[in-house]
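Engineer: Below you will find the structure I want to go over with you.
Just so it is clear, none of the values below were taken in a lab; they were calculated from the coordinates. Just so it is clear, the model here is predicted, and its values are computed rather than measured. Glycine also receives a Cβ, built like all others from the backbone with ideal geometry; neighbour counts cover every protein chain displayed.
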Amino acid sequence: MSIQPRTHETVSEVQSTGPREDYIPIGTDTEGAHHVYRTTDESVHVIGDGERTVRYDLEGLHKSIDDWIDYIDARRDGFETQHLYKTLSGSLENTVEVGN
């Protein structure tokens, strides 16, 4: 078995056969910026006023998308609208109203 270095070609190959979407919306933070997770290179793009304002390389920082969600929860008081959750229970809490 040989191990290939991660290049544009190998990322594109995985991209065309992998089950995940290339871009997954994370949510809109309390400051109105949209956060998008790009799975092809493990990066988060923050879009404000229609333009990408920041790109964070999670892989280069040895962080996961879960770490990013925790960071936004702590730094910007979380997400106003959230689409990607760390756990199934987090997703269910936001979609199911619990009656008293």
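Engineer: Calculate the spin-label point distance for residue 66 paired with residue 22, positioning each point 7 Å from the Cα along the beta-carbon direction, and give it in nanometres.
Structural biologist: Once both label points are built, they end up 2.8 nm from each other.
Engineer: OK, next. When the Debye formula is applied to the Cα atoms of the range 35-86, each taken as the same point scatterer, what base-10 log of I(q)/I(0) results at q = 0.13, 0.19, 0.20, 0.22 Å⁻¹?
Structural biologist: -0.29, -0.64, -0.71, -0.86
Engineer: If Lys and Arg each add +1 and Asp and Glu each add -1, what is the summed charge of the other residues whose beta carbon sits under 11 Å from the beta carbon of residue 33?
Structural biologist: -3
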